[in-house]
1. State the percentage of accessible surface on the chain attributable to carbon and sulfur atoms; use a 1.4 Å probe and exclude ligands, DNA and RNA.
2. How large is the dipole of the chain about the Cα centre if only Lys and Arg carry +1 and Asp and Glu carry -1, each at its Cβ, rounded to the nearest 20 debye?
3. By its C-alpha gyration tensor, with a ≥ b ≥ c as the square roots of the eigenvalues, how is region 20-170 shaped: rounded for a/c under 1.5, else prolate for a/b larger than b/c, else oblate?
4. Restricting attention to region 84-150, which GluC sites (Glu not before Pro) occupy a DSSP loop and are surrounded by at most 10 other Cβ atoms within 10 Å?
5. Find out how many positive minus negative residues lie around residue 10, taking Lys and Arg as positive, Asp and Glu as negative, among other residues whose Cβ is under 9 Å from that of residue 10.
6. Between residue 179 and residue 127, what is the label-point separation in nm under the 7 Å Cα-to-beta-carbon projection?
7. Pick from 76, 115, 58: which residue has the top mean-square fluctuation in a GNM of the chain where Cα pairs under 10 Å get a spring?
8. Using the per-residue mean of other Cβ atoms lying within 10 Å as a proxy for protection, in what order, highest first, do the peptides 104-110, 77-83 fall?
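The values are calculated or read from the model by the stated rules, or taken from the named source; none is laboratory data. Because the structure is predicted, anything quoted here is derived from the model rather than measured. Cβ coordinates were reconstructed from backbone atoms using ideal geometry, including for glycine residues, and neighbour counts include every protein chain displayed. With ligands, DNA and RNA removed, areas are computed over all heavy atoms of the protein, side chains included. Shrake-Rupley method; radii C 1.70, N 1.55, O 1.52, S 1.80 Å.
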Amino acid sequence: MKIVVLLANGFEEGEALFLTDVLRRAYFDVELVSTTGDLMVEGSHHIRVQADTLLDDHILESDALLLPGGQPGSDHLRDHPKVIEYVKAFNEQKKLIGAICAAPIVLHQAGIINHRSITSYPSEEYKKLFVDAGSHYVEEDVVVDGNIITGRGPALVLPFAYKIIELLGKDSTPIKRGMLYKESK
């Protein structure tokens with residue numbers, strides 16, 4: 001299975017890179033895709049990362065589209081017309097779309113969260129935005145509603161990644177075990 005992780009300047013490094021790492025441990029073909037027009041993308045904490053490729057229509061052939069949070073990275077994704085076009089296309093095809101932290105604002109911009117349960121970084125601004133858009137805002141670490149999975153933030157990237165593994169039809173148990181992950185009680 002092919003998975004795309006979109007990077008914009010100001011992305012949350014931990015969310016993007018740890019997510020990619022965990023999914024590659026599960027033997028998914030994960031591609032870091034720059035939305036900036038340059039393969040080098042700078043994260044919100046000034047860590048520069050080289051993407052695998054640039055944004056273009058090839059991503060439509062992927063099975064899942066993942067959006068790391070971070071600011072201003074999430075705003076850059078939200079304001080990128082091609083990103084919105086691709087999010088809508090993935091949703092129409094019922095392909096998996098994941099957004100963590102601030103990135104659910106991209107789903108809002110694409111108009112695909114009405115009557116959906118979602119979560120995000122726990123700010124009143126985001127909560128109001130999503131509720132006003134007709135979403136059911138859930139204060140849980142990871143929320144799945146149909147083909148959309150959302151997560152709260154950087155410290156929760158592991159349960160977010162493990163749930164994506166499961167949604168894509170694989171057992172996350174061996175990955176959790178290998179990473180010494182223990183579920184919180």
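1. 50
2. Working: 19 positive and 27 negative charges, 120 e Å.
Roughly 580 debye, rounded to the nearest 20.
3. Numbers: a/c = 1.33, a/b = 1.23, b/c = 1.08.
Note, shape of region 20-170 comes out rounded.
4. Details: sites: 85, 92, 124, 125, 139, 140; in loops: 139, 140.
Passing both the DSSP loop test and the Cβ count: 139.
5. Numbers: positive: none; negative: 12, 42, 75.
In short, -3.
6. 2.8
7. Most flexible of the set in this elastic network: 58.
8. Working: 104-110: 24.4, 77-83: 18.0.
Highest to lowest by the protection proxy: 104-110, 77-83.
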